Amino acid sequence: MVPQIYADGFSNITFVNGMVRIDLASTPPGPTQGGSVPAAEVHHRIILTPRAFLQSMGMMQDLMNKLME
């Protein structure tokens, strides 16, 4: 079985030392003290070559087009 990682979204995408770095973040459940919405917390980082990043973006664009139909 392939391990699964849940994320609410990306908190940051950077290009450093020739690699694309994507930080995955999730918002903790429930409000913080004072009732404000808690800030998202980074819990994993994906590091890709530029080529792998561009291929991934193509796959995401294909999926986005299918979701829009």
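The values are calculated or read from the model by the stated rules, or taken from the named source; none is laboratory data. Remember, it's a predicted structure, so these values are computed and weren't measured experimentally. Using ideal geometry, Cβ is built from the backbone for each residue, glycine included, and neighbour counts are taken over all protein chains shown. Quick note on the areas: whole protein, heavy atoms, side chains included, nothing else; ligands and nucleic acids left out. Shrake-Rupley method; radii C 1.70, N 1.55, O 1.52, S 1.80 Å.
Of all the residues in region 28-48, those that are in a strand (DSSP E or B) and open to solvent by less than 60 Å² (accessible area, probe 1.4 Å) number 1. Just a yes or no: is a residue in region 49-57 exposed (fewer than 10 other Cβ atoms within 10 Å of the Cβ) and on the phi > 0 side of the Ramachandran plot? Among the residues of region 49-57, not one is exposed (fewer than 10 other Cβ atoms within 10 Å of the Cβ) and on the phi > 0 side of the Ramachandran plot, which makes the answer no. Within the option set 11, 36, 26, being in contact with a His (Cβ under 9 Å, 6 or more places away or on another chain) and of a type in the set (Ser, Thr, Tyr) holds for one residue only, 26. Taking into account only those residues within region 1-27 that are within 11 Å of residue 49 (Cα to Cα) and either charged (D, E, K, R) or not in a strand (DSSP E or B) (or both), which is most open to solvent (accessible area, probe 1.4 Å)? Among those that are within 11 Å of residue 49 (Cα to Cα) and either charged (D, E, K, R) or not in a strand (DSSP E or B) (or both), it is 17. Screening residue 62 with (1) open to solvent by 50 Å² or more (accessible area, probe 1.4 Å); (2) out of contact with any strand residue (DSSP E or B) (no Cβ under 7 Å at 6 or more places or on another chain); (3) under 21 Å from residue 5 (Cα atoms) gives one miss only, at (3).
Cβ-Cβ contacts under 7 Å between residues 6 or more apart (or on different chains), taken from a first residue in region 40-69 that is modelled with pLDDT of 95 or more and acidic (Asp, Glu) to a second residue that is open to solvent by 60 Å² or more (accessible area, probe 1.4 Å) and outside any strand (DSSP E or B), are absent.
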